[in-house]
Each structure stands twice: as structure tokens, then as C-alpha cells.
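First the structure, in the form of C-alpha cells, and then the observations on it.
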Amino acid sequence: MKRLMSNYKKWLGYFLFVLILTTSLLYYRFPSDAVQDYLQAIVERADPRVALSIDRMEPWLPVGLKIMGTELAIKDMPDKIIFRADRLLLKPQLWSLLHGEAKYCFDCLAYNGGLRGYVKKDRTTDFIDTEIELKNIHIGNYIYLSDLIGHHIEGNLDGTILYKGRYSLLMDGSGEANLKLSNGRVELLQPLFTLESINFKEMEIKMVLRNQKINMTRLELNGEHFHGTLSGTITLKKEFAKSSIDLKGTIEPFAAFFKSTAGILDTVKFFKQRLNRGTLSFVIHGTLGEPRIKFT
């Protein structure tokens, strides 16, 4: 029995020695340059217009990568940052390889908030299945979004995004988003009466992507000046700003709104003529780049 315990301790000691040695070599001899080149090649194959840059990386035990200072930018416009992460933890699930797909879980710090979820990719095609959870993202720091939609928006973003489809044909996929934007402000493409921007306490959005169309089933805004709703469809185009919109909504102004427009007779007269049971209806047509608002 003593001999058995002695052998057990000896083999346990060997195992711990090998484990410590392997871990040390992994950290100190980790081929970060080779792995970085490999990741950059993957991104370039997926979209030749996009470039990936990484400040540094190291292994994340037991199996994974810790990547610091990650940026995706447009090659021809390196100052146009599509996405930047301060820290990205990437962990593959090895068992998924047995099912003919690769699944990667991620945990990301970006824009003073966090993103976590997974991406599953078919090994023979570019079909992906992803789920992303967002928590306290400071959307005002995401400059690329403002450039994409054509106006500035601020607030703290929470919610979930689901998507299934081919990476090379994102608009042909399907998905949904349930988002909440708190304590924010959005600039208007066209002034609304005396307002050039809208401050709000909370905006809730539910959208569904099908057949190259975004069906906005619910957008509800609660602010100091009014309560608003919006719903309808956005038909997507490759050039995002040219996507056509067909939306309808309502505005219910509060007393604070009329106080902010005190002395502006045209605005007061407009509301007196068009308010129906305390709400004002409108439609939005045109494109995302050039919307046309009509009150009904």
C-alpha cells in the first residue's frame, strides 16, 4: 500500500511538472505573430475590403485566446473603424468539430460595455449562426454607427441580437433584435417643429430580418417631451443609406413640450389642428439617407 501511494505521488508529481512546464512554454513561447497572421488571413478571405489589426495576444487557459486592442477597419479608409474591442476572449468548443461545424464563444469589452455570445460556422460553407448579448454599450462612442445611419445617437445599449445566414450575403439571412437604449439622445435628420434632437429616458426596439427586409415590429420612446411609437419595414440595399423605408408612428406630446415651444404660434396652431385624442400620427417614406416625413 505504501509503495502504491509512493508511485501515485511520483506520477502526480510528474504530471504537475509537465503541466507547469507546458503552461510556462505556452505563455513564454506562444507564437502570437503566427496566430495573428492566421486570424488576419481569415478576415481577409471573408471580406477583402476589411483589415484586422491586433495590439497583442496571449493564450487563455484552458483553450482559448486573449486578444487586446482589436480593430476592424476598411482597408482603403484606415481611419474608418468598423469595430474596436479593448479586450476579446475567444474560446473554441472542440466538441462542435465532431458535428461538422466550428463554434466559438466570446466575451468582449468594447465601448465601455460588454458583448458576449457565440458564433457557429459551417466548416464547408460561410453559413453562420450567432447570438450576441449586449450590456451597457455606450453607443455614442461607436462612431461608425453614426456614419452608417447618417446622424448621431447616444445612450446606453442593452439587448440581444440573433442571426442566421451566409457571411457573404448578410442581407439574405434571418434574425431578430430586442434592444433597449437608456438615457439617450438622437439627432434628427430633419427638425421636428423646434427640436433638432430628441432626449429620451428609454427607447425599446424589436426588429425582425427576413427576405432582405427589416420588419420593425415595435419602437417605443419615452422622453421628457413626448411619448412616441414607430413601426413598419425597411427594405435593405447594398448601399445602406439607399434602403427604402415605409414607417408609421405616433407622437403624444407632454406639457413640457409645449413649454419648450412657448411663444412659437405656428407650432401651437399646428398641434391644435392635427391632434386627435392627444396624439399626432405621421408616416415616413423615402430612404434612410433622405427620409420624408408626412403628418396625417
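Of note:
- Out of A85, A102, one residue alone is out of contact with any Lys or Arg (no Cβ under 6 Å at 6 or more places or on another chain), open to solvent by less than 50 Å² (accessible area, probe 1.4 Å) and among the hydrophobic types (A, V, I, L, M, F, W, C). It is A85.
- Whichever residue in segment 178-197 is closer than 25 Å to K242 by Cβ and either open to solvent by 70 Å² or more (accessible area, probe 1.4 Å) or modelled with pLDDT under 80 (or both) and, among such residues, is nearest to the chain's Cα centre (by Cα): E187
- R166, sole failed condition from (1) surrounded by fewer than 16 Cβ atoms within 10 Å (Cβ to Cβ); (2) among the charged types (D, E, K, R); (3) under 26 Å from K201 (Cβ atoms): (3)
- Among the residues of segment 58-81, those identified as over 14 Å from C108 (Cβ atoms) and surrounded by 12 or more Cβ atoms within 10 Å (Cβ to Cβ) are E58, P59, A73, I74, K75, K80, I81.
- Taken over segment 115-124, the criterion of being surrounded by fewer than 17 Cβ atoms within 10 Å (Cβ to Cβ) and either under 18 Å from N136 (Cβ atoms) or at pLDDT 80 or above (or both) is satisfied by R116, Y118.
- Test for V63: is it at pLDDT below 85 and not hydroxyl-bearing (S, T, Y): yes
- Within the option set L247, L280, being modelled with pLDDT of 90 or more and in a strand (DSSP E or B) holds for one residue only, L247.
The values are calculated or read from the model by the stated rules, or taken from the named source; none is laboratory data. These numbers come from a predicted model, not from an experiment. Please note: Cβ atoms are built from the backbone with ideal geometry, for glycine as well, and neighbour counts cover all protein chains shown. These area figures cover heavy atoms from the full protein model, side chains too; ligands, DNA and RNA do not enter into them. Shrake-Rupley method; radii C 1.70, N 1.55, O 1.52, S 1.80 Å.
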